[in-house]
1. Determine which member of the set A:23, A:19, A:65, A:13 is farther than 15 Å from residue A:100 by Cα and in contact with a helix residue (DSSP H, G or I) (Cβ under 9 Å, 6 or more places away or on another chain).
2. Find the residue count for region B:63-81, including only residues that are in contact (Cβ under 8 Å) with a residue 24 or more places away in the chain and not in a loop (DSSP other than H, G, I, E, B).
3. Could you list, in sequence order, all residues of region A:102-120 that are under 13 Å from residue A:32 (Cβ atoms) and within 11 Å of chain B (Cβ to nearest Cβ)?
4. Select from region A:68-77 the residues that are in contact with a helix residue (DSSP H, G or I) (Cβ under 8 Å, 6 or more places away or on another chain) and outside any strand (DSSP E or B) and write down the one among them that is farthest from residue A:24 (Cα to Cα).
5. Tally the residues that are on the phi > 0 side of the Ramachandran plot and away from chain B (no Cβ under 12 Å), restricting the search to region A:26-56.
6. Being within 12 Å of another protein chain (Cβ to nearest Cβ) and modelled with pLDDT under 95 is true for just one of B:32, B:100, B:41. Which residue is that?
7. Which of the strands (runs of 3 or more DSSP E) contained wholly in region A:1-46 include at least 3 residues that are farther than 11 Å from residue A:94 by Cα?
8. Could you identify the single residue in B:34, B:25 that is closer than 24 Å to residue A:111 by Cα and crowded, with 20+ Cβ neighbours inside 10 Å?
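The values are calculated or read from the model by the stated rules, or taken from the named source; none is laboratory data. Keep in mind it's a predicted model, so treat the numbers as computed, not measured. In this analysis, Cβ positions are derived from the backbone assuming ideal geometry, glycine residues included, and neighbour counts consider all displayed protein chains.
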């Protein structure tokens with residue numbers, strides 16, 4: 001079955017960067033689109049961007065350009081997201097999600113989420 | 001950006017009741033809409049896509065409808081395990097979510 005396993009909670013200092021991981025199994029990673037999403041209490045959800053694992057092509061929400069960088073490692077079926085220059089506004093729960101087959105419209109399977117805390 | 005407005009923000013219903021959650025888009029999204037269920041402390045789970053198609057394994061008491069800018073999620077015969085927050089998401093233009101509806105038992 002489809003599984004997305006995210007790395008553990010992160011405590012990061014303001015101004016630092018963090019790299020989140022999402023190890024997948026149960027589907028053909030190399031032909032999939034993977035997305036990252038941000039959820040803050042409210043509880044609103046924002047789409048950050050997607051990456052096509054086949055060729056590393058990306059599409060970002062304009063709001064997160066320069067903040068997030070998406071990459072993949074096909075050999076380990078793992079997606080990554082780098083978040084840079086962290087501030088208190090970046091404190092949130094971050095999810096990875098697989099997007100539907102074909103053109104990527106919606107998110108059919110999600111990771112368990114990882115909480116990122118930004119504090120000195 | 002297309003804005004998604006959900007209503008109500010919260011609601012309380014009894015077991016066995018039928019519940020309807022609404023989602024309004026700021027412009028026509030041509031049925032490019034999905035619904036998700038999120039239980040406390042868990043990740044969202046896909047319920048409905050293309051406005052009215054049931055995702056694999058989702059109970060048939062869930063259904064979606066609508067067109068243009070107005071969409072709804074209906075839960076027939078409410079069960080205790082349906083206590084959760086529900087989100088709509090449009091995918092006609094980029095990807096944006098509604099603010100969520102928190103469903104509780106009365």
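1. A:23
2. From region B:63-81, those in contact (Cβ under 8 Å) with a residue 24 or more places away in the chain are B:64, B:66-80; that's our starting set.
Still in the running and not in a loop (DSSP other than H, G, I, E, B): B:64, B:66-67, B:70-75, B:80.
Residues meeting the conditions: 10.
3. A:103, A:104, A:107, A:108, A:109
4. Of the residues in region A:68-77, the ones in contact with a helix residue (DSSP H, G or I) (Cβ under 8 Å, 6 or more places away or on another chain) are A:72, A:74, A:77.
From the residues that got through so far, the ones that are outside any strand (DSSP E or B) too are A:74, A:77.
On the way: A:74: 10, A:77: 6 Å.
Here the residue is A:74.
5. Within region A:26-56, residues that are on the phi > 0 side of the Ramachandran plot and away from chain B (no Cβ under 12 Å) number 2.
6. Every option except B:41 fails the conditions.
7. Ranges flagged: A:3-6, A:18-25.
8. Values: B:25 fails: closer than 24 Å to residue A:111 by Cα.
The conditions single out B:34.
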